[in-house]
Amino acid sequence: MTNYRFSEGAAIVFGGSGGLGTGIVDLLSKSGTDVAFTYFKNKEAAETNLKTIEENGKNGYFESVDLLNVSTVENFSNSAKEKFGRIHSVISATGPLIHLAPILNSKPEDFYNTLDTDIKGFYHVLRSVVPILRDGGGGSITALTTAAIHKYISTDGLSSIPKAGVQHLCTAISREEGHNGIRANCVAVGLIAVGLSQEIDSPPGGILDQWMQQVPLGRAGAPEELFDTVVFLASENAGYISGQSLPVDGGYSA
């Protein structure tokens with residue numbers, strides 16, 4: 001395992017009980033940092049994550065957080081700071097399950113919900129954590145987005161459009177908060193053998209096959225390949241990287 005460097009304090013992972021968040025939480029704690037994380041409904045997964053953190057020799061903390069409730073988000077972030085003293089990195093691994101369809105065939109309520117969860121939710125995260133990072137002398141923010149931002153695939157608009165907003169929010173923070181020692185980056189996730197991509201209902205010849213045909217490496221990414229990238233960008237190893245969107249997609253968006 002790469003020796004990722006983290007300063008004193010803890011990491012926060014929003015969406016830490018999901019398929020991607022779970023692996024990120026595990027690798028962070030294996031890398032030697034305490035971890036605070038959120039879940040929405042799956043408390044059992046959160047409790048399993050906490051045990052994993054403790055088995056890795058670190059301290060963990062979790063709460064159920066609705067990203068659309070700004071007070072709940074702020075209370076969690078402040079509680080994490082109070083518990084661990086300092087927050088050095090924040091990772092957003094949240095996002096609703098996407099129903100693939102032509103964008104104008106999407107139900108208005110699905111479109112609105114995805115926009116709210118992705119853009120408003122991440123905005124609430126930023127409002128809650130940036131002051132904490134400032135107070136701690138800086139740190140990193142890493143958001144998981146989608147490779148569809150860089151190369152659009154038919155019927156994936158409900159994913160790419162809101163996540164493009166998340167990417168631009170990261171860009172804004174990287175420009176506005178760099179002088180406070182705060183970095184902000186995105187990881188544009190391609191086809192990974194874990195997480196939401198495994199829940200897509202796609203028949204033979206469907207969207208997943210179309211995507212795979214355009215991946216130069218000819219395979220889905222291993223979960224560890226994504227987790228390593230996310231934790232690298234969050235760590236001090238990436239101390240001079242900010243304002244970037246790094247695709248982890250096997251060359252799909254090249």
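Give me, ordered by chain and number, the residues 5 or more places off ARG5 or on other chains with an amide H under 5 Å from its own placed amide H.
GLU236, ASN237
Counting pairs of alpha carbon atoms under 8 Å apart in space and at least six apart in sequence, what relative contact order in percent does the chain give?
Numbers: 494 pairs, mean separation 52.7, N = 254.
With pairs under 8 Å counted, the relative contact order is 21 percent.
Spelling out what I want: for every residue of segment 63-72, take phi, set θ = phi - 60°, compute 6.51 cos²θ - 1.76 cosθ + 1.60 (Karplus), and round to whole Hz; glycine and proline get x.
8, 7, 10, 8, 4, 7, 9, 4, 5, 5
Only four residue types carry charge here, +1 at the Cβ of Lys and Arg and -1 at the Cβ of Asp and Glu. Report the dipole size of the chain about the Cα centre in Debye, rounded to the nearest 20.
Values: 18 positive and 27 negative charges, 94 e Å.
I would put it at about 460 debye.
Would you please give the FRET efficiency between ARG5 and ASN59, computed as 1/(1 + (r/R0)^6) with r the Cβ-Cβ distance and R0 = 22 Å, to the nearest 0.05? Walk me through the numbers on the way to the answer.
Working: r = 19 Å, r/R0 = 0.85.
Efficiency computed from Cβ-Cβ geometry: 0.75.
Just give me a number: lysine pairs in the chain, eight or more positions apart or cross-chain, with C-alpha atoms less than 14 Å apart.
Pairs that pass both the separation and distance tests number 6.
Normalized C-alpha radius of gyration of the chain, against 2.2 N^0.38 Å?
Expressed relative to 2.2 N^0.38 Å, the Cα Rg reads 0.95.
Tell me the relative contact order for segment 1-138 as a rounded percent, counting alpha carbon contacts under 8 Å between residues six or more apart.
That works out to 27 percent.
Rounded to the nearest 0.05, what FRET efficiency do ARG175 and ARG127 give with R0 = 22 Å and r taken as the Cβ-Cβ distance? Could you check?
With a Förster radius of 22 Å, E is 0.85.
List the residues, sorted by chain then number, that are 5 or more residues from ILE141 or on another chain and whose placed amide H is less than 5 Å from its amide H.
VAL90, ARG183, ALA184, ASN185
What distance in nm separates the two pseudo spin-label positions at LYS43 and TYR152, each 7 Å out from Cα along the beta-carbon direction?
4.3 nm
I'm checking a number: the convex hull volume of the Cα atoms of segment 1-127, normalised per residue, in Å³. What is it?
Considering the Cα atoms of segment 1-127, their hull volume per residue is 112 Å³.
Each reported figure results from applying straightforward, stated rules to the coordinates on display, with no laboratory input. Only a predicted model underlies this, so the values are computations on that prediction, with no experimental measurement involved. Cβ: placed from backbone, ideal geometry, glycine included. Neighbour counts: every protein chain shown.
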